[in-house]
Amino acid sequence: LLEKLGCILLPKTSTMGAGKGEIAHSESIKQLNTADFFLSARNSAGSRSIALSFFASGMGAWVVYGSTEMGANPDLSWFGVLGYSAASGLPALIICWIGPRVREISGEKAFATTDFGRERYGRLMQLSIAGISVFYMFIYLVSELTSISNVYGLLVGVDTFDTTTIKYTRSIAISLAVITFFYTSVAGLPASIVTDKYQAGLMFTLVFILLVVACSNPANQVTKEEFAKASNWTSDGATAAVTLFIALACAEMFNQGNWQRVWAAKTVGDMRKGFAWGSFLVFLLMTFFGIMGMLAYANYPDEFDNGEMYYYLGFFELLRPLSTFWHVLVLIIVTALAASSVDTLQNAIGCIFSADLLGFGMSDTKITWITRVLVFAINIPAVIMSSQRFDVIGLFLVADIVCATAVLPVFLGLITEDIGFIPAPTELGAFLGIISGIGAVLVNGKILGFTEATSYGEVIADGIWSYFWLTNSTQCAVCGKETMITFIVVPLVAGFFTLFFSKIDIMIRGNRARKPLFKNGFFFGTPEEEVAHYDFSAEKEVAEDPVEANGASAENEEVGVETDNVIVDNELGKEPISA
């Protein structure tokens with residue numbers, strides 16, 4: 001009953017023939033308490049759940065700033081709004097395309113792209129992907145806690161620019177982190193996906209109500225001529241849009257919350273439909289907030305132009321004429337936005353080394369508790385950093401450029417056989433490609449003579465590494481040709497040198513270059529496991545629990561893995577399980 005109501009997710013299992021549905025359902029219930037299902041919600045979510053989960057988890061509290069800033073700035077306007085909206089949905093479409101191949105290479109027992117890195121390359125790349133992913137998701141978590149704290153401060157009249165109010169905003173961040181940690185630590189990823197569905201429904205309902213109320217208020221109504229001042233198509237907006245497309249595409253490939261849902265989907269078809277619809281929903285919500293920013297500027301053009309009002313707070317200027325009741329409604333919407341992102345990030349950070357923990361033979365109880373402790377520990381510095389009140393978009397930009405250094409070195413690994421003179425990347429080549437991407441950022445900064453990063457007149461970093469903040473423009477965080485060119489050049493350089501160093505590596509080391517760099521030591525698999533790397537054409541034998549084997553075979557068929565019939569012993573006797 002709870003499953004039919006959408007209150008819980010159950011693993012997908014085969015009935016193994018007529019009359020055995022009760023056995024399969026019993027196995028499904030047993031899997032609810034396993035660490036694997038706690039961490040992955042494996043094969044349990046349909047397309048609707050995936051769509052709403054991607055939408056809710058991706059649209060955090062930061063959206064009230066992001067596209068709003070684009071819309072409220074007449075120099076960015078429509079290109080900025082539509083570019084930000086489309087760019088936010090683009091990662092889901094990329095996952096629709098490459099997700100099945102990543103799932104095939106990683107295996108049906110994987111959890112995230114860290115497992116892809118291990119299976120395709122080796123431990124060095126797995127750790128590299130893990131480090132970049134944790135960095136990005138930690139920045140994302142800090143941004144969410146910062147955003148929700150600032151929104152509460154704005155709507156209750158607390159000056160978030162005053163250092164004496166840090167105690168108040170910190171209390172908001174702690175409250176959200178504790179609440180989301182509570183239900184994710186109890187039920188893991190399945191809880192996150194289920195709550196995402198309800199949070200998404202709540203957001204749609206309240207946003208529609210808010211749209212009607214805010215736009216019907218006489219104080220917010222504008223004439224066609226007034227709106228025309230805010231409605232522009234500019235080259236600066238186009239430049240920002242290009243930057244956003246590349247930045248968000250690179251960064252979200254390292255958001256393991258997205259990749260968890262690749263394995264949570266019941267079938268590849270559910271995964272593709274879910275991400276496609278989720279992308280469309282993201283586009284709609286981002287566009288809504290962008291247009292709200294344009295209406296704000298149309299209402300108060302002089303105040304925005306002379307600096308009395310800030311572009312990124314444009315949405316809140318439309319709320320000023322509304323009563324306290326509507327302010328409370330906005331707080332509910334933003335809290336739902338933030339909670340859906342925070343719980344996803346908490347689960348995603350916890351799943352980074354899930355496959356390895358299971359491989360160690362630990363009990364399910366130990367694994368779930370290790371995950372809980374890890375998630376709890378990561379929340380502490382995130383809350384502390386959120387009190388520093390960094391510029392949210394600026395924080396994201398740092399994480400985006402770091403991800404841009406690694407996106408092609410990692411995902412060129414989808415090439416598993418040489419294509420003419422283009423080699424299938426080796427682990428050493430991919431790692432050196434990431435280093436080359438980092439070098440490209442530093443070289444860009446040197447060429448531009450960049451020595452310090454500033455935000456709102458304050459120096460936030462100096463020296464050679466300060467260019468990672470990309471404070472090239474005072475117009476907005478993602479504005480400026482320098483920033484756009486950097487985002488174009490860095491991934492291309494990283495991708496080129498991945499292939500270049502892989503070619504050199506193969507020429508020098510021969511077939512040994514196609515194997516993992518490290519084959520033993522701490523956190524490493526057995527030699528038998530390591531032999532499987534790069535050998536994607538060989539058929540692998542299935543030796544699993546009968547129900548799991550059948551389920552895995554069905555899933556492998558969906559992602560294009562060919563297997564032979566397998567004979568499995570069980571209490572019902574020997575039965576052929578067909579792929």
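The values are calculated or read from the model by the stated rules, or taken from the named source; none is laboratory data. These numbers come from a predicted model, not from an experiment. Neighbour counts run over all protein chains shown; Cβ positions are idealised from the backbone, glycine included. The area values use the complete protein model at the heavy-atom level, side chains included, leaving out ligands, DNA and RNA. Shrake-Rupley method; radii C 1.70, N 1.55, O 1.52, S 1.80 Å.
With respect to the numbered conditions (1) open to solvent by less than 30 Å² (accessible area, probe 1.4 Å); (2) assigned to a helix (DSSP H, G or I), which one is the sole condition not fulfilled by L124?
Unmet for L124, out of (1) open to solvent by less than 30 Å² (accessible area, probe 1.4 Å); (2) assigned to a helix (DSSP H, G or I): (1).
Could you check segment 334-357 and list, in sequence order, the residues that are modelled with pLDDT under 85 and open to solvent by 10 Å² or more (accessible area, probe 1.4 Å)?
Answer for segment 334-357, where residues must be modelled with pLDDT under 85 and open to solvent by 10 Å² or more (accessible area, probe 1.4 Å): F353, A355, L357.
With the structure loaded, tell me whether G99 is in contact with a helix residue (DSSP H, G or I) (Cβ under 6 Å, 6 or more places away or on another chain), in a helix (DSSP H, G or I) and under 30 Å from A230 (Cα atoms) or whether it fails that test.
On the way: in contact with a helix residue (DSSP H, G or I) (Cβ under 6 Å, 6 or more places away or on another chain): yes; in a helix (DSSP H, G or I): yes; under 30 Å from A230 (Cα atoms): no.
Considered against the rule, which asks whether it is in contact with a helix residue (DSSP H, G or I) (Cβ under 6 Å, 6 or more places away or on another chain), in a helix (DSSP H, G or I) and under 30 Å from A230 (Cα atoms), G99 comes out as no.
State the number of residues belonging to segment 276-292 that are hydroxyl-bearing (S, T, Y) and buried (at least 21 other Cβ atoms within 10 Å of the Cβ).
Step one: filter segment 276-292 for residues hydroxyl-bearing (S, T, Y), giving 279, 287.
Adding the requirement that they be buried (at least 21 other Cβ atoms within 10 Å of the Cβ) leaves 279.
Total meeting the criteria: 1.
Going by what's in this entry, would A228 be described as assigned to a helix (DSSP H, G or I), under 21 Å from Y84 (Cα atoms) and among the hydrophobic types (A, V, I, L, M, F, W, C)? Spell out the reasoning first.
Numbers: assigned to a helix (DSSP H, G or I): yes; under 21 Å from Y84 (Cα atoms): yes; among the hydrophobic types (A, V, I, L, M, F, W, C): yes.
Yes, satisfied.
Looking only at segment 402-439, which residues are surrounded by 24 or more Cβ atoms within 10 Å (Cβ to Cβ), out of contact with any Pro (no Cβ under 8 Å at 6 or more places or on another chain) and farther than 16 Å from C250 by Cα?
Within segment 402-439, P423, T426 meet the criteria.
Please identify the pairs in which a residue from segment 358-371 that is modelled with pLDDT of 80 or more has its Cβ atom under 8 Å from the Cβ atom of a residue that is of a type in the set (K, R) and open to solvent by 60 Å² or more (accessible area, probe 1.4 Å), counting only partners at least 6 apart or on another chain.
none
If you scan segment 192-210, which residues turn out to be among the small types (G, A, S) and either outside any helix (DSSP H, G or I) or surrounded by fewer than 22 Cβ atoms within 10 Å (Cβ to Cβ) (or both)?
Kept after step one, since they are among the small types (G, A, S), are these residues of segment 192-210: 192, 200-201.
Within segment 192-210, G201 is the sole residue that qualifies.
Applying the selection to segment 365-383, what residues are more than 17 Å from Y136 (Cα to Cα) and open to solvent by 60 Å² or more (accessible area, probe 1.4 Å)?
Within segment 365-383, the subset more than 17 Å from Y136 (Cα to Cα) is 365-373, 376.
T365, K366, W369, I370, V373, F376 - these are the residues of segment 365-383 that are more than 17 Å from Y136 (Cα to Cα) and open to solvent by 60 Å² or more (accessible area, probe 1.4 Å).
Results for (1) open to solvent by less than 40 Å² (accessible area, probe 1.4 Å); (2) touching a Phe, Trp or Tyr at 6+ places or on another chain (Cβ under 9 Å); (3) more than 30 Å from P516 (Cα to Cα), shown as yes or no for each residue.
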| residue | (1), (2), (3) |
| --- | --- |
| V441 | yes, yes, no |
| G445 | yes, yes, yes |
| G457 | no, no, yes |
| A461 | yes, yes, yes |
| W465 | no, no, yes |
| V478 | yes, yes, yes |
| K481 | no, no, yes |
| F501 | no, yes, no |
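Residue under question is Y312, and the condition is that it be part of a helix (DSSP H, G or I), at pLDDT below 90 and among the hydroxyl-bearing types (S, T, Y); does it hold? Before you say what the answer is, go through the steps one by one.
On the way: part of a helix (DSSP H, G or I): yes; at pLDDT below 90: yes; among the hydroxyl-bearing types (S, T, Y): yes.
Judged against the criteria, Y312 is a match.
Starting from segment 384-400, keep only residues that are touching a residue at least 60 places away in the same chain (Cβ under 8 Å) and within 19 Å of A251 (Cβ to Cβ), then list their pairs with residues that are open to solvent by 20 Å² or more (accessible area, probe 1.4 Å) and in a helix (DSSP H, G or I) whose Cβ atoms are within a distance under 6 Å, requiring at least 6 positions of separation or different chains.
Going by the 6 Å Cβ cut-off, the qualifying pairs are V398/F468; V398/W469.
Here are the criteria: (1) assigned to a loop (DSSP other than H, G, I, E, B); (2) at pLDDT below 85. Tell me which single one P321 does not satisfy.
Condition not satisfied by P321: (2).
For residues in segment 356-409 being in a loop (DSSP other than H, G, I, E, B) and among the charged types (D, E, K, R), which is nearest to F468 (Cα to Cα)? Spell out the reasoning first.
Of all residues in segment 356-409, those in a loop (DSSP other than H, G, I, E, B) come to 360-363, 387-391, 405-406.
Pick out the ones that are also among the charged types (D, E, K, R) and you get 389, 391.
Values: R389: 19, D391: 14 Å.
Among residues in segment 356-409 that are in a loop (DSSP other than H, G, I, E, B) and among the charged types (D, E, K, R), the one nearest to F468 (Cα to Cα) is D391.
Looking at S171, is it more than 30 Å from D364 (Cα to Cα), open to solvent by 40 Å² or more (accessible area, probe 1.4 Å), of a type in the set (G, A, S) and outside any loop (DSSP other than H, G, I, E, B)? Even if it seems obvious, please write down each step before you answer.
On the way: more than 30 Å from D364 (Cα to Cα): yes; open to solvent by 40 Å² or more (accessible area, probe 1.4 Å): yes; of a type in the set (G, A, S): yes; outside any loop (DSSP other than H, G, I, E, B): yes.
When the stated conditions are applied, S171 passes them.
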